[in-house]
Structure formats: C-alpha cells, structure tokens
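Q: My structure is below; once you've seen it, I'll send some questions.
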Number of protein chains: 2
Amino acid sequence: MSHTKISSIGEFGLIDRIKKIVNVSVDDASLIDNLLIGISDDAAVFKPKPGKVQLLTTDAFAEGIHFDLTFTSLKHLGWKTIAANMSDIAAMGGIPRYATVAVSLPQKISIEMVEEFYHGATAACKKYSCKIVGGDTIASMANMMISVSMTGEADELKIKTRCAAIPGEYICVTGHLGASVAGLKILKREKERLEQANEKELFSPNLEAYSIALEKHLMPKPRLDISKILTEKIKIGAMIDISDGLASEVHHICNSSGTGAEIYEHNIPLDSITQKISEEFGEPATDYALFGGEEYELLFTIRDEEFAKLEKLTSDVTIIGRITEKSKGIILVREQGEQLPLTFGGWNHFRF
Amino acid sequence: MSHTKISSIGEFGLIDRIKKIVNVSVDDASLIDNLLIGISDDAAVFKPKPGKVQLLTTDAFAEGIHFDLTFTSLKHLGWKTIAANMSDIAAMGGIPRYATVAVSLPQKISIEMVEEFYHGATAACKKYSCKIVGGDTIASMANMMISVSMTGEADELKIKTRCAAIPGEYICVTGHLGASVAGLKILKREKERLEQANEKELFSPNLEAYSIALEKHLMPKPRLDISKILTEKIKIGAMIDISDGLASEVHHICNSSGTGAEIYEHNIPLDSITQKISEEFGEPATDYALFGGEEYELLFTIRDEEFAKLEKLTSDVTIIGRITEKSKGIILVREQGEQLPLTFGGWNHFRF
C-alpha cells in the first residue's frame, strides 16, 4: 500500500474519494429509494418509513484508548465502528438505516489508509443493510478519532429498553462472552514480543491459533439476527448490548428496572479459545466475560415460557441468571453455591 | 471553578451529571412529546413528524485545529458545536430537532469543564429549539475532540440544495462576513502578547473593543431566522452555509449546479469591526470574507423579482454577485472593474 499525504488533495479531494467507496449497492432497495440526498450537501435527507419510530445513536472511538493502530488494520477499524453502532440499534429492537462517520486524521494517516477505513465501514454497512450518508473529515494534532452516528427504525410497540426487567425473568445472553478481551490480550502480548525482539525483521507474531478471538475483537458482528427474532416472534423484558462487560450491563438493567439479579457464574458461555487464552495468562475466563468490553452480544430478560419458544428458534442463547427483587441485590453465584456481590466493574476508560 | 478529575466519578457518573444539564425545558413542546427515549438507553427513540423528511448532519471539532482552549471557554465551545450543526440544517431549509454529542476528554479536562461545555450546548439548544438526546463520553490520550450529530425536519418540496442555482440569479449572503476570522486573529494576538509578557499576572488582554468580532467567532448564531423566511415565503435557487469561507462555498454551489458566477468584491458586506481589525493587521478585509471560515451565515441564489419580495421582509441580506453560465468561470470583479478568477481558497485544515 502506498501512502499519499491527505494535504496533497485536501479535504474536498478526500471526500470525493470517500464518496466513491461508500456509494455501493445495498440489498435493501428502500435504503436508496428513501434517500433524497446523501453525501454532497450540508445534510443528508431521507424519508422515514411511515408508522415507524426513528432511533439515533452515537459511538466514539479514540486511538490509544479504544484501538491501537500497530495491530488494528484500518479496514477492521471501519467495520468495528459501524458494527458497534449497529449493536446499539439491535439492542433497541430496531434495524439500522443511515450513518454518518466523522474522522479526525493526524498527519500519519494517508489517503490510502482513509480509503481502507471506509472500505471496512462500507463492508459492514453492506452486510447488515445500512448506508453512510454523510460525516466530517477533519485534521487532528495527535491521535485518530472516529465518531459514528446511526439512525434506525423500529415499531414503537416493539422497542426494547433497559428498564423493562421483572423479577422472576431469566437473564440470557447471545453467543459466547470474553473472547473480545481475550483477543485483545493476545494482540498486546504479540506487540510486546515484537518490541522486545532482537531481530525485528525476522519476528513473526503467534496469532493463527487465536483467530476466533482476534476476529471477535477486531470484526465483531452485531446481533441483528437474534434481535430480529426477539422483536418479531418472542416477548422479552429488558434488553441491552454488551459493550462494557457483562457485570456493568447487568447493573444497568437492574438500576433502570429497579430490580436485583443473580448471575450463575458457571453458566456464562465461554468458548474454548477464551478458556485457552485465560489459562495462558493465568486469569479466570469468567473475569473476561464479566469485566471485558466490546463483546457486542445481547443481554436480555425473558419469562420461562417465552424462553421455551425461543429455544426452538435459535440455539445461540444461554440462560445465565434470574432477575430478583431489588432488595436481594446484584449477586454472583459461584459453582459451589458461594454468593458474592457482583461488582460494577466494566470497561472504564477513565481509569487512567 | 474547582477542577475535579473525571476518573473520580467514572463515565457513568459523568453521564448522570450531563443528563441533569441537558434535560431542560424547551419552548417547542413537540420536541418532548415526540421523544420516547432520550439519554438513558442504547439509542434515543423519537417519532418523526408525519409528512416531513428527516435531515441528518455531523460536524466534528478538534483541539488545536478548530479551537484553542487557552482562549475558548468550554461554554462557548459547547454553544458553537451545536450552532455549527444547526447552520447546516438551516442551509437545507429545515429546522433542528434532536442532537447527539460525542466528546473525547483528555485528563486535563475536569468534570466542571465538561459541565460548562454542556451548559453552552444546552443554551444553544434552548435558544433554537433542539434537544440533546444522546452521545458518548470517551477518554482521549492527547487532545479534546467533539462530534455533534443533529437531525432536522423539513418539507420535502422545500428542501434547499447546493445544485439548484440558475444563470441570471443573484447571489446573496446573510449578515456580515469576515468577522469570525477577524475575531480569531485578535484572540491569537492577545495569546501571543500574554506569552511574551514579562509579568504574566499583570497582563490584561485587549479584547473589549473587539467584542462583536469575538462573539461572532466564539458564539456564532445559526441563521434559522432567514432560513425560515426563505423556506416559507420566498422562492430561491441554491443554498449553502458559509463554514469554509465565501470563495469555497461559491465554488461548491457552482460545481454542484454546473454554473459560473461573478462576485462583486465591493458588495461583500463587512462590518466596521472587521475593517478595523483588518487595518490593524494590514490585510484586506475582503480576504477575511473570502477565505476565512466559520461564519455560519447563509449563501443563496435568487431571482430578481423574488429578491424584491425578500427585501420587504428583512434588511439582513446583501446581493454580492450573479450566477453566470459555466463557461464564464468563477470570477471576482473588483471595484475598478478588474476581473480575476476567484480561487478556491477556503479554510483547509489539512494544509499542515
């Protein structure tokens, strides 16, 4: 990949390049039909689908905090910033529609790197039916920063919130947890090994064996598939996406709903690669699930009889606990029956 | 103002503080009535007004590029980032509705500074009827960064674009131009004087005499007032807001519309403070108007007979040129009749 300075074509030259990348066909023709004005004017203009409510969410990502360009390709970064916003839309019971992408670009970022970023973002949009319709490209003094905003649409009566959990409901998650932070740990370890290597040009990182965890960290998949089932076919209580770690999200649901919860530690779904990595680091794999971030799986509450229906539609959900009365607190139950308060934890980037 | 570290309350503590600031009453009750979910969940949810189209725009701002915290108060910064997005909505012929605000905060930014920022943003929202319904607060390794996204609503048939200019139409602007960059020059000059002062504690910046220009730079007003007139009562051609300097915006309209233009230099409206400042710096005031950025005035094209109507409704618009055939090029006409090509210029932050 060659590296051409952005200053050689300026902001408007760069926007022309970006336009060519993001204006690809999408499967859902209504995304194009309802878009009156895309990238080209002061604002994008679209027709909302009659009878639907509009969703709006924003997620921002900072170099050195959320990503490290020494082991994150710009293509993966583009994918992930779009996927993270889609995960928020999925957690509300909506479908993504239109996105704007603001990037602040330090001098080290070349035109080609920006193009890679938008190729990744566009790939996620194409895969999950969304369209980039605007944004901003600005210079940055030091680090790269990305902010994506996304609209979505939903049926008003099918909106899922954090505050609808009721004592007695199961607490469920989609997929497996802990793999994202496990993958990050491998990437950081290999970066450290490279830094310490005597002959850097001969260094080859040991990544192959961990590819499932790396993909989970670098190219997460928003769970629009399960969200669709939960919205269209099943009645659930509260829902949230797991972006800050399971413990933190359980607290959010309980605080918003005015309930307690018990989480059965041994029920937390962990895949074999997460267990392998946690063993290599001598750390409990459940800590990765409880306190690791950026899973982009869904956490929801559901009554027993609805779960019985759900099981017939997907095998990719696991019961990990029960909603309880508020007075019971938020409790982690260990395999031998020991109970301890589930600390808030979570992925707090402000712990400098 | 005391300065408390954000890490002492964490991201969720900070969000609670922000919620208290942004959740103020607004004059337009429909902003509250149509908002089903604001800051508190994975995404905001609102009902779009039936029969209207939705607008979506994003503007990002980087410390060291767009603002300098040594002479920009956080309150002004909050106001300006909201006002800049409103200006884009105004330029489309829409009215602002809901906004998300993503901020990345380096360690030097205290809780109180974040609160000041949101007080400023909320003041702009209250003044021009908009509501902050979400966002993201993230840490930053080095500089502060802000990205605001805003939705707006408009009648489909009244949307204003950049591409609707027709040869023969007047080119008009609202307000006066050049004051924003003139104000910035004063702020930079006083910062330099402070840096060079021997007894810094005795230094008093010379700002009083320039307050109109400073306010234009620090607290710009989106021209929703004129946009409303142009949308509801007058027929115009193309419209754009002046965020990158007049020359650049004229090029955008001509390139999108497939036309040329002639701009009469001596007709460009300059206020007395801009002329005074340009004289102090020994620079042509029209250069400030042509190549200075962040005016947030409107540039539009209009037929003669419609301008006659407009003049009766507002005195705050000025004819500065004519749209011509594309073959004529984009020309600046000086007072003595001299013609020269109007260079693209504009505020290109990528000229490092």
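Q: What's the average, rounded to a whole number, of partner chain beta-carbon atoms within 10 Å of each residue's beta-carbon in B:47-55? Write out the running numbers ahead of the final one.
A: On the way: counts 6, 8, 1, 3, 2, 2, 7, 13, 9.
Mean partner-chain Cβ count within 10 Å for B:47-55: 6.
Q: Select from A:Asn267, A:Asn255, A:Asn206 the residue whose mean-square fluctuation is largest in a Gaussian network model of chain A (Cα-Cα springs shorter than 10 Å).
A: Answer for the Gaussian network model of chain A: A:Asn206.
Q: Mind listing the long-range amide H neighbours of B:Gly237? Cut-off is under 5 Å, sequence gap 5 or more, other chains count too, H placed in the peptide plane at 1.01 Å from N.
A: Those lying under 5 Å, H to H, from B:Gly237 are B:Thr301, B:Ile302, B:Arg303.
Q: Tell me which of A:Leu310, A:Leu290, A:Asn267 sits at the most positive position along the dipole axis of the range A:202-352, charges placed on C-beta atoms (Lys, Arg +1; Asp, Glu -1).
A: The one lying farthest along the dipole's positive direction is A:Leu310.
Q: Among A:Ala43, A:Phe300, A:Val181, which residue has its Cα positioned farthest towards the positive end of the charge dipole of chain A, with +1 placed on the Cβ of Lys and Arg, -1 on the Cβ of Asp and Glu, and the dipole taken about the Cα centre?
A: Looking along the dipole axis, the top candidate is A:Ala43.
Q: Under unit Cβ charges (Lys, Arg +1; Asp, Glu -1), what dipole magnitude, rounded to 20 debye, does the range B:5-127 have relative to its Cα centre?
A: Details: 13 positive and 14 negative charges, 48 e Å.
Magnitude of the dipole: close to 220 debye.
Q: What does the copy distance list look like for A:Glu311, label position 7 Å along Cα→Cβ, in nm and ordered from shortest?
A: Spacings between copies for this position, smallest first, are 8.1 nm.
Q: Now, a different point. Which of the listed residues, A:Ile82, A:Gly134, B:Ala238, is farthest toward the dipole's positive end in the protein assembly as shown, when Lys, Arg count +1 and Asp, Glu count -1 at the beta-carbon?
A: B:Ala238
Q: P(r) for the protein assembly as shown: what percent of alpha-carbon pairs falls in each 20 Å bin, starting at zero?
A: 17, 50, 27, 6, 0
Q: Here is a further query. So in the protein assembly as shown, which Cys have no other cysteine's beta-carbon sitting under 4.7 angstrom from theirs?
A: Those would be A:Cys163, A:Cys172, A:Cys254, B:Cys163, B:Cys172, B:Cys254, since no other cysteine Cβ in the protein assembly as shown comes under 4.7 Å of theirs.
Q: I've got another one for you. With the label 7 angstrom out along Cα to Cβ, how close does B:Glu338 come to the same site in each of the other copies, in nm, nearest first?
A: The projected label point of B:Glu338 is separated from its counterparts by 8.6 nm.
Q: Additional query: Determine the dipole magnitude for the range A:243-338: charges of +1 sit on the beta-carbon of Lys and Arg, -1 on that of Asp and Glu, nothing else is charged, the reference point is the Cα centre, and the result goes in debye to the nearest 20.
A: Numbers: 8 positive and 20 negative charges, 91 e Å.
With Lys and Arg at +1 and Asp and Glu at -1, about 440 debye.
Q: Can you work out D for the range A:162-204 in µm² s⁻¹ from Stokes-Einstein, where Rh is the Kirkwood radius over C-alpha pairs, the temperature is 37 °C and the viscosity is 0.692 mPa s? Write down the numbers at each step before the final one.
A: Numbers: Rh = 14.2 Å.
Translational D for this selection: 232 µm²/s.
Q: Suppose only helical runs count, i.e. DSSP H with n ≥ 4. What mean residue ellipticity at 222 nm does that imply for chain B under -39500 (n - 2.57) per run, divided by all residues and rounded to the nearest 500 deg cm²/dmol? Walk me through the numbers before you get to the answer.
A: On the way: 11 runs with 128 residues, N = 352.
Helix-only estimate at 222 nm: -11000 deg cm²/dmol.
Q: Mind listing which chymotrypsin sites (Phe, Trp or Tyr not before Pro) in the range B:108-206 are in a DSSP loop and have 10 or fewer other Cβ atoms within 10 Å? If you can, show how the numbers build up before the last one.
A: On the way: sites: B:Phe117, B:Tyr118, B:Tyr128, B:Tyr170, B:Phe203; in loops: B:Phe203.
Here no chymotrypsin sites (Phe, Trp or Tyr not before Pro) fit, given the DSSP loop and packing criteria.
Q: Of the residues A:Met141, A:Met92, A:Met113, which exhibits the maximal mean-square fluctuation in a Gaussian network model of chain A defined by a 10 Å Cα contact cut-off?
A: Of A:Met141, A:Met92, A:Met113, the Gaussian network model singles out A:Met141 as fluctuating most.
Q: On to the next question. Can you quote the Å³ per residue value for the convex hull of the Cα atoms in chain A, rounded to an integer? Present the calculation step by step, with values, prior to reporting the outcome.
A: Values: hull volume 54.1 nm³, N = 352.
Dividing the Cα hull volume of chain A by its residues yields 154 Å³.
Q: Let me ask something else about it. Where does the longest stretch of chain A lie that holds no GluC sites (Glu not before Pro) found in a DSSP loop with 15 or fewer other Cβ atoms within 10 Å?
A: On the way: sites that count: A:Glu199, A:Glu325, A:Glu335, A:Glu338.
Answer - A:1-198.
Q: Same structure again: Compute the orientation-averaged projected area for the range A:96-210 from the convex hull of its Cα atoms and round it to one decimal in nm².
A: Values: hull surface 49.0 nm².
Taking the Cα atoms of the range A:96-210, their convex hull projects to 12.2 nm² on average.
Q: For label points placed 7 Å from Cα toward Cβ, what is the shortest-first list of nm distances from A:Glu208 to its copies?
A: Copy-to-copy label distances for A:Glu208: 7.7 nm.
Q: Right, next: If the only charges are +1 at each Lys and Arg Cβ and -1 at each Asp and Glu Cβ, what is the size of the charge dipole of the range A:170-341 around the Cα centre, to the nearest 20 debye?
A: Working: 20 positive and 30 negative charges, 96 e Å.
The dipole magnitude comes to about 460 debye.
Q: Give the aspartates and glutamates whose C-alpha is closer than 14 Å to that of A:Lys75, dropping any in the same chain fewer than 8 places away, or say none.
A: Cα-Cα hits under 14 Å: A:Glu112, A:Glu115, A:Glu116, A:Glu215.
Q: Sticking with this one: Would you mind telling me which residue in A:His66, A:His76, A:His119 has the biggest mean-square fluctuation in a Gaussian network model of chain A, where springs connect alpha carbons within a distance under 10 angstrom?
A: Residue with maximal mean-square fluctuation among A:His66, A:His76, A:His119: A:His66.
Here, each number is a calculation from the coordinates, and none is a lab measurement. For clarity, every value in this text was computed on a predicted model and none was experimentally measured. Heads up, the Cβs are rebuilt from the backbone with ideal geometry, glycines too, and the neighbour counts pull from every protein chain shown.
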